[in-house]
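Data block below; observations after.
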Amino acid sequence: MIPSDHFTRFYNEVFKFLESKGQEDLDLYWLEISKNQEKHILDLIRTKGLQGMYEYWSVIEEEENCELDLMVDDEHLELHMHGCPSLAKVMDNDAAPMTRYCDHCAGWIGPIMDKTGYHLVYDVISRTEPRCVMRIFKDADKAKEAEKSVQLLMGWPGKKAAT
Amino acid sequence: MQKRPETPLRYQEEGNVHLDFHGAVNTTIDFIVERYGVEVLHEIFAKVGRDVYVDLRRHMLEGHPEELVRHWRHFFTRENADYDIAVSEDEIVLTVRRCTAYHHVAKISPSVSAHFCDQTTKVNEAIAEGTPYRIDTEITGPGACRQIIRRRA
């Protein structure tokens with residue numbers, strides 16, 4: 001058994017293999033993970049909207065031992081990750097980190113937001129620092145406006161952004 | 001004589017566990033096997049054994065399989081598995097009667113991949129590769145196995 005605690009280091013090896021095959025292969029994988037994640041979050045979004053997302057990421061905060069601030073209002077959800085355990089473990093690793101490791105988060109979350117009619121603005125800030133800011137809007141124009149102030153905007157399958 | 005305090009494992013973990021990661025492993029296994037074949041999956045697991053668990057390999061190379069025993073105890077206990085470890089002069093046997101990973105996937109996923117337990121077999125093989133020990137993994141049932149460390153002949 002690869003312990004669930006070590007999943008991210010396994011994930012990192014998978015990413016490195018897929019990156020060697022090309023971006024399309026990475027995109028297909030993120031779509032597969034996105035589909036897998038639907039069973040944990042899709043009903044929450046469909047029944048409770050932004051509040052459902054708040055519930056989902058509250059569980060993640062606790063179970064994954066994240067240092068983060070989470071807030072929600074009628075218009076948007078905002079997550080400020082101050083200590084991402086996923087990237088931190090990949091950096092604290094005897095195997096080399098995949099240089100675009102952070103891209104997987106928007107890679108699976110983005111397609112779910114597209115599917116449910118929300119608008120994701122994912123600012124990774126830096127791919128070597130375990131922190132990021134995720135904003136999810138009901139309104140597309142507000143998301144567009146928020147994109148103007150990000151430092152490193154993430155894309156996902158179907159939406160190009162950073163390189 | 002005072003007992004020396006144990007040094008932490010290379011990847012010691014505290015805090016909560018997020019068992020749903022095992023579901024993502026299951027999805028990943030099926031994705032890799034369907035698109036690239038089982039040999040690629042096994043090579044990825046071998047990289048985990050060789051490149052991620054460098055410290056466990058180092059201990060095995062230096063004749064200290066007990067570090068792997070500490071690793072097993074730490075993580076199987078964290079995941080609340082039903083297991084025991086028997087250490088004798090000739091071999092070390094980890095008996096897993098109920099693997100938390102397997103049973104969690106069975107609960108949350110449509111099916112458990114036929115290759116789910118390859119993660120154990122192949123990572124173990126890679127940790128032992130080139131060391132004085134071998135690790136044999138015997139799958140004894142759904143979510144049950146024996147993992148045996150023996151000195152190579």
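Flag: A:E64 does not match the condition of being among the charged types (D, E, K, R), within 11 Å of another protein chain (Cβ to nearest Cβ), buried (at least 20 other Cβ atoms within 10 Å of the Cβ) and more than 22 Å from A:V133 (Cα to Cα).
Filter the range B:105-133 for residues that are assigned to a loop (DSSP other than H, G, I, E, B) and without any contact (Cβ under 8 Å) to a residue 12 or more places away in the chain and give the result. Those that are assigned to a loop (DSSP other than H, G, I, E, B) and without any contact (Cβ under 8 Å) to a residue 12 or more places away in the chain: B:P110, B:S111, B:A114. Against the conditions (1) within 8 Å of chain B (Cβ to nearest Cβ); (2) among the hydroxyl-bearing types (S, T, Y); (3) surrounded by fewer than 15 Cβ atoms within 10 Å (Cβ to Cβ), A:T47 satisfies every one except (1). In the range A:13-32, the residues that are facing chain B (nearest Cβ under 9 Å) form Cβ pairs under 7 Å with partners that are among the polar types (S, T, N, Q), at six or more places apart or across chains, as follows: A:V14/B:T28; A:E32/B:T27. Just a yes or no: is a residue in the range B:26-43 closer than 24 Å to B:I149 by Cα, hydrophobic (A, V, I, L, M, F, W, C) and within 13 Å of chain A (Cβ to nearest Cβ)? Yes, some residue in the range B:26-43 is closer than 24 Å to B:I149 by Cα, hydrophobic (A, V, I, L, M, F, W, C) and within 13 Å of chain A (Cβ to nearest Cβ).
Here is the figure for the range A:12-50: residues that are out of contact with any helix residue (DSSP H, G or I) (no Cβ under 9 Å at 6 or more places or on another chain) and within 25 Å of B:L41 (Cα to Cα) total 4.
So is B:F45 in contact with a Phe, Trp or Tyr (Cβ under 6 Å, 6 or more places away or on another chain) and at negative phi or not? Taking the combined requirement at face value, the residue does not satisfy it. Residues in the range A:3-44 that are buried (at least 22 other Cβ atoms within 10 Å of the Cβ) and not in a helix (DSSP H, G or I): A:P3 only. Selection of first residues in the range A:68-96 that are free of Cβ contacts under 8 Å to residues at least 60 places away in the same chain and of second residues that are outside any helix (DSSP H, G or I) and among the β-branched types (V, I, T), restricted to Cβ pairs under 6 Å at least 6 apart or on distinct chains, gives the following pairs, ordered by first then second residue: A:L77/A:I136; A:H80/A:V133. Taken over the range A:70-111, the residue count meeting the criterion of being within 14 Å of another protein chain (Cβ to nearest Cβ), among the aliphatic types (A, V, I, L, M) and in contact with a Cys (Cβ under 7 Å, 6 or more places away or on another chain) is 0. Within the range B:57-69, is even one residue free of Cβ contacts under 8 Å to residues at least 60 places away in the same chain, over 24 Å from B:V40 (Cβ atoms) and within 10 Å of chain A (Cβ to nearest Cβ)? Within the range B:57-69, one or more residues are free of Cβ contacts under 8 Å to residues at least 60 places away in the same chain, over 24 Å from B:V40 (Cβ atoms) and within 10 Å of chain A (Cβ to nearest Cβ). Scanning the range A:90-138 for residues that are basic (K, R) and either surrounded by 22 or more Cβ atoms within 10 Å (Cβ to Cβ) or at pLDDT below 95 (or both) yields no hits at all.
The values are calculated or read from the model by the stated rules, or taken from the named source; none is laboratory data. Not measured: the values here are computed from a predicted model. All Cβ positions, even for glycine, are placed from backbone atoms using ideal geometry, and neighbour counts span all protein chains on display.
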